[in-house]
Structures are given as structure tokens and as C-alpha cells.
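**Student:** Before we start, here is the structure in question, set down as C-alpha cells.
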Amino acid sequence: MKITILGASGFIGSHLVSYLREKQIDYWAPKRNDATIYKRNLNHVIYCIGLTADFRTRPFETIDAHVCLLSKILKQCKFDSFLYLSSTRIYGTGEGIAREENVIKIQPLDFNDLYNISKAMGESICFAAGKANVRTVRLSNVYGCDFESENFISSLIRDALRNKKIRLHTSLDSSKDYINIKDVVAILPEIAVHGSHKIYNVASGENITNSKIINILKRLTNCTIEIDKNAKRILYPNISVSRVKEEFAFIPSRIIEDLNELVSRYYDFMERKNDKG
């Protein structure tokens, strides 16, 4: 098999390239705006193009990435299979269990829902394209060694080590699901080539509170914690991963067991950066 990674320069895409190279899996990672993608068979496509934490400041780019460019590629490109990376954020907040068949509710008047709307629209155009073997993966909050990003876990570790203080804008009992980038890149090729369903949740299946994460970071870094006066309690539904577990024997990592390694690797990252500077 050969896999084409669209968005190979991003966090998920770059880690996917490294994983495929390590496993000696044939792949192609075209650069941005490479027009040759429209002239050849792309084999098994994994669409990693997208924005995450910066969608609020770049709304038009978010729509372009999640919908407009996606639509053009689905319409004009040839491929054997196509996997679109969506997000479990589209399930919204609240309690209960988030399963792939759940009805998605979105609010256009809420600017914070722009990301969810764009991902839902991306999924919709995937399935409306009328092409075989088009699938969607809904990823929960991906963490890993993206230490310069504004993703939640990365920003917590960065603040704990650089500033010796973490400031929380959500309450200590707020909770959500986190998934390790290593687990993500290992399962994506399997779903892309062998998946039998249209939609898969890829998550740990366990919500972790801010309190658990902060307590570990305090122990590892000796940082202090400051919570905004108006910090809101935000809960997300538990993400069902029964489908991906049953089909692929998927066993995800747990973030509370990975934080030690992440902090250690961030120390190394800071030292290398200081040596260069």
C-alpha cells in the first residue's frame, strides 16, 4: 500500500510521516499547493490539513482548510481510499456518551462553534462526494511534543517550566479526553486502508480532570497554580471507543502516565533551544 499525507507539515501530519518512515511504509507527502496531486492516483489519502487552537483568529483559513480545499480534492483527485481527520469536539459539551451515530448539534450564532461547524461540514462533503472508501476519524484532544503550540497540554507544560506558574481559565473539575499522538499515527493507516465503517472515534475513552493533570505537573515542576475568578466548569461527554477497539484491538495510552515523559522531553527541548540561542 501507498499512503498520501496531505498536510504533512502540521503536527499530526509530520508525526505520521515519521511513523510511516520508521515502519518502512510507502508514502508520499506533497508540499502545500503541489498541483501534481490532481494528476496522479493518490492511493490511500489521509487528510491532515486543518487548524485547531488558532481557529478563532483565523476563521477564513479554517473554512478553507476544513471545507473548501477538501471539497476540491474530493471532486478532482483520484484515490483508492480517503480518510478525513475530524474532531470529537463536534459532540459539544455535556455529559453522557459520545458515539459515532450521535446526532450533532451546532449553533451558528456562537463563534466558538465555528470549528465544530467546519468539521461537521467537512464530514458531510466527504460522504456526499459519492466516492468509495471515504471515511472520517474524530480525534479527541491530541497531545505530544508540539511544545510551541497553543494546545492545552503543551501550554500547561510550557507555563509550568518557563514561568513556574500555571493559570487556568477553566475550573479544576473541568474534564475532557486526551489521546497520544503516537496512538493516533499508529491507528490512522489501519483505518484508512482497512476500515469497515464510515466514522471512527479515536480517543482514550477516559475523561481526565484539570485537577489530576495539574497535580502531576506541580509535583514534576514545582510550579504554582492560579485559577481565574470567572473560571467555568466545562465537561465533555465520554468518548466511546468501542468501535475502534473491537475492529483494530486499539489500546490507547493514558495521559496521566505520559506526563512525566512529556515534561522530561520539554526540558530537553528547552536546553537545545538555549544552546542554539
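**Student:** For the condition surrounded by fewer than 21 Cβ atoms within 10 Å (Cβ to Cβ), closer than 28 Å to Leu114 by Cα and aromatic (Phe, Trp, Tyr), what is the one hit in Phe60, Phe55? Spell out the reasoning first.
**Tutor:** Working: Phe55 fails: surrounded by fewer than 21 Cβ atoms within 10 Å (Cβ to Cβ).
None of the others qualify; the one that does is Phe60.
**Student:** Something else: Regarding Arg89, is this residue more than 30 Å from Asn207 (Cα to Cα) and in a helix (DSSP H, G or I)? Give the steps one after another, and end with the answer.
**Tutor:** Working: more than 30 Å from Asn207 (Cα to Cα): no; in a helix (DSSP H, G or I): yes.
It is false that Arg89 is more than 30 Å from Asn207 (Cα to Cα) and in a helix (DSSP H, G or I).
**Student:** Follow-up. Determine whether region 72-84 contains at least one residue that is under 18 Å from Arg135 (Cα atoms) and among the β-branched types (Val, Ile, Thr).
**Tutor:** Within region 72-84 (the criterion being under 18 Å from Arg135 (Cα atoms) and among the β-branched types (Val, Ile, Thr)), the answer is yes, since at least one residue qualifies.
**Student:** Condition test on Ile73, is it assigned to a helix (DSSP H, G or I) and farther than 24 Å from Lys232 by Cα?
**Tutor:** Criteria met by Ile73.
Residue by residue, here is whether (1) without any contact (Cβ under 8 Å) to a residue 12 or more places away in the chain; (2) in a helix (DSSP H, G or I); (3) at negative phi holds:
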{"position": "Asp183", "(1), (2), (3)": "no, yes, yes"}
{"position": "Ile187", "(1), (2), (3)": "no, yes, yes"}
{"position": "Tyr200", "(1), (2), (3)": "no, no, yes"}
{"position": "Arg219", "(1), (2), (3)": "yes, yes, yes"}
{"position": "Glu226", "(1), (2), (3)": "no, no, yes"}
{"position": "Phe250", "(1), (2), (3)": "no, no, yes"}
{"position": "Asn260", "(1), (2), (3)": "no, yes, yes"}
{"position": "Phe269", "(1), (2), (3)": "no, yes, yes"}
{"position": "Asn274", "(1), (2), (3)": "yes, yes, yes"}
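**Student:** State which residue pairs qualify: first residue surrounded by 15 or more Cβ atoms within 10 Å (Cβ to Cβ) and inside region 112-134, second residue among the small types (Gly, Ala, Ser) in any location, beta carbons under 6 Å apart, and separation of 6 or more residues or different chains.
**Tutor:** Short answer, once both residue conditions are applied: Lys119/Ser86; Lys119/Ser87; Glu123/Ser86; Ile125/Ser71; Asn133/Ser81.
**Student:** Cys48 - would you say it is surrounded by 12 or more Cβ atoms within 10 Å (Cβ to Cβ) and free of Cβ contacts under 8 Å to residues at least 12 places away in the same chain?
**Tutor:** No; evaluated as a whole, the condition is false for this residue.
**Student:** Of the residues that sit in region 2-19 and are of a type in the set (Ser, Thr, Tyr), at pLDDT 95 or above and not in a strand (DSSP E or B), which one is nearest to the chain's Cα centre (by Cα)? So that I can check it myself, show each step before the final result.
**Tutor:** Our first condition is that a residue be of a type in the set (Ser, Thr, Tyr); within region 2-19, this holds for 4, 9, 14, 18-19.
The next check asks that each one be at pLDDT 95 or above; those that pass are 4, 14, 18-19.
Filter again for not in a strand (DSSP E or B), leaving 14, 18-19.
Values: Ser14: 13, Ser18: 17, Tyr19: 16 Å.
Restricting to residues being of a type in the set (Ser, Thr, Tyr), at pLDDT 95 or above and not in a strand (DSSP E or B), the top hit is Ser14.
The values are calculated or read from the model by the stated rules, or taken from the named source; none is laboratory data. Fair warning: this is a prediction, and the values are worked out from it, not measured in the lab. Cβ coordinates were reconstructed from backbone atoms using ideal geometry, including for glycine residues, and neighbour counts include every protein chain displayed.
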